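Q: Got a structure for you, questions after.
Any read-out appearing in this document is the output of simple, stated calculations on the displayed coordinates, not a laboratory observation. Computed from a predicted structure; not experimentally measured. Glycine also receives a Cβ, built like all others from the backbone with ideal geometry; neighbour counts cover every protein chain displayed.
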Amino acid sequence: MSEYKTFLQERDRIDFLIQKGYKITNVTENLNGSFVEFENADEKETLHIITPEGRKYFVVVLINQQKEGA
């Protein structure tokens, strides 16, 4: 699969969780990518983001989330 298609899948999964009311609560970075933890009232989800574009995308989502909370 091309890297762009992988990014599109990552973006769609992030958007799906955000639309369901999840918030990013923790990010763990390593050489294999980023593990992004999402939480809503009663559930947790963790996504493994491997593309650079996916990493940029979730950071923008996180910044917007923090702006809304301020």
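Q: Just for the range 53-70: of the residues that are over 14 Å from R13 (Cα atoms) and touching a residue at least 12 places away in the same chain (Cβ under 8 Å), which one is farthest from the chain's Cα centre (by Cα)? Spell out how you get there, then give the answer.
A: Going residue by residue through the range 53-70, those that are over 14 Å from R13 (Cα atoms) are 56, 59-60, 62-70.
Within this subset, residues satisfying the condition of being touching a residue at least 12 places away in the same chain (Cβ under 8 Å) are 62, 65.
Values: L62: 8, Q65: 11 Å.
The residue in question is Q65.
Q: State yes or no: is V27 exposed (fewer than 13 other Cβ atoms within 10 Å of the Cβ) and of a type in the set (A, V, I, L, M)? Step through it out loud before you land on a result.
A: Working: exposed (fewer than 13 other Cβ atoms within 10 Å of the Cβ): no; of a type in the set (A, V, I, L, M): yes.
Against the criterion (exposed (fewer than 13 other Cβ atoms within 10 Å of the Cβ) and of a type in the set (A, V, I, L, M)), V27 does not qualify.
Q: Further question on the same structure: When the range 35-52 is examined, which residues are found to be surrounded by 11 or more Cβ atoms within 10 Å (Cβ to Cβ), more than 9 Å from the chain's Cα centre (by Cα) and under 20 Å from Q66 (Cβ atoms)?
A: E39, N40, K44, E45
Q: Inside the range 1-22, can you point out the residues that are surrounded by 15 or more Cβ atoms within 10 Å (Cβ to Cβ) and within 9 Å of the chain's Cα centre (by Cα)?
A: E10, R11, R13, I14, L17, I18
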